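The values are calculated or read from the model by the stated rules, or taken from the named source; none is laboratory data. The shown structure was predicted, so the numbers you read here are calculated from the model rather than taken from an experiment. Positions of Cβ are backbone-derived with ideal geometry, glycine not excepted, and every protein chain shown enters the neighbour counts. Accessible surface areas use protein heavy atoms only, side chains included; no ligands, DNA or RNA. Shrake-Rupley method; radii C 1.70, N 1.55, O 1.52, S 1.80 Å.
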Amino acid sequence: MRETKSGWDDQRLARDRQALLQAQMRERGIGAMYLSDTMNMRYVLNLKVPGGGVFVPADGEVIAFIKPRDMGYVRMRHANIQPTFYTSADTETPAFDEKVKRFAQIISDLMIEHGVADSPLGVDPLDAAAYNALTDARVRVANAGPIIERARSIKTQDEVAIYHEIGDQYARTMAAFRDGLRPGVTELELAALVTASWSDVGGEEIAQLNICAGENMNPWRRWPSERPVQEGEFVGIDLHGRGANGMRGDASRTYFVGDHPTQEQRDLYKRAYDYLFGVVDVVRAGVALTDVRDRAPAVPDRYAAQLYNYSI
């Protein structure tokens, strides 16, 4: 049975995110943003909305441009909505030239209305026609990506609460994976078990799931196969899942199948254990990533060829 928690306030989460983003925009002289990427829209609205876009002024209320069939759903959480007026899919229609000009004109008018016509407009990936139309309408365009990433890097109180929930979702899913390990079960069967478990604990979707047993762990085979698990070997799992409110986690675990590991396997386990807890001692709030890299325990030379896996 699925269990859910609500240790956060969805409306406050949306307000705090918008305030963080607008503060970053003002700091960098960005007058407004037009965002159409699904995940960027979700960040701003705290809603999963397919298609459309959001206009985010540096000061003032966010306008959401929503497909008619989704308006009722969005209006329950965000009142300032208007119908969508442009998608890149329109490039196949005969009236596309007029549509893209209208898109640029609406954005230009919104910039004037909010008093930021002389400031840049931040955008996430736009098709070439929309970009050119904005340029023709004398709208200066800037890359919204770094600004959004900076806003996202500052976690709100509700996001912190959600991460605690995601941690619990991961712990329970990994426990189900561990309990399902037995000789003869295949990597694909384990993947199905994890997918079902993630749903049962309230997870939204799985972005990536890697399960590798025995020789498939090195070199890393990545995707689950029909290979059966065998007694006396390691099995690894790497799970990237969206939990509560679509926020994403990432965790990996390695388990031993059976009760009698060899001395070599015990030594490998201890090396990994010592290294991980050595890194835990280094990772602290306020420590720069470069300092984490420099202070992390040294990797033995015999494993140096695998350093590319560490993303250091």
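What the table below lists for this structure:
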| item | result |
| --- | --- |
| Number of the condition not met by residue 305 [criteria: (1) at pLDDT 90 or above; (2) loosely packed, with under 13 Cβ neighbours inside 10 Å] | (1) |
| So residue 258, is it at positive phi, at pLDDT 90 or above and either assigned to a helix (DSSP H, G or I) or open to solvent by less than 80 Å² (accessible area, probe 1.4 Å) (or both) | yes |
| Elements of type helices (runs of 4 or more DSSP H) contained in the stretch 128-222, each with 1 or more residues being in contact with a Pro (Cβ under 6 Å, 6 or more places away or on another chain) and either open to solvent by 60 Å² or more (accessible area, probe 1.4 Å) or closer than 19 Å to residue 258 by Cβ (or both) | 187-200 |
| Near pairs, Cβ below 6 angstrom, 6+ apart or cross-chain, from the stretch 152-180 (modelled with pLDDT under 95 and acidic (Asp, Glu)) to any residue that is part of a helix (DSSP H, G or I) and surrounded by 18 or more Cβ atoms within 10 Å (Cβ to Cβ) | 165/244 |
| Residue pairs meeting the criteria (Cβ under 9 Å; at least 6 apart or on separate chains; first under 16 Å from residue 281 (Cα atoms), in the stretch 291-304; second among the acidic types (Asp, Glu) and open to solvent by less than 100 Å² (accessible area, probe 1.4 Å)) | 297/274 |
| Condition met for residue 222 (at positive phi and within 24 Å of the chain's Cα centre (by Cα)) | yes |
| Hits in the stretch 156-179 - residues which are of a type in the set (A, V, I, L, M, F, W, C) and out of contact with any strand residue (DSSP E or B) (no Cβ under 6 Å at 6 or more places or on another chain) | 160, 161, 162, 171, 175, 176 |
| Residues that are within 22 Å of residue 177 (Cβ to Cβ) and in a helix (DSSP H, G or I), drawn from the stretch 241-255 | 244 |
| Near pairs, Cβ below 6 angstrom, 6+ apart or cross-chain, from the stretch 251-268 (polar (S, T, N, Q)) to any residue that is surrounded by 14 or more Cβ atoms within 10 Å (Cβ to Cβ) | 252/238; 254/234; 254/236 |
| Some residue of the stretch 229-240 being closer than 26 Å to residue 42 by Cβ, not β-branched (Val, Ile, Thr) and not in a strand (DSSP E or B) | no |
| Verdict on residue 123 being in contact with a strand residue (DSSP E or B) (Cβ under 8 Å, 6 or more places away or on another chain), surrounded by 13 or more Cβ atoms within 10 Å (Cβ to Cβ) and of a type in the set (Val, Ile, Thr) | yes |
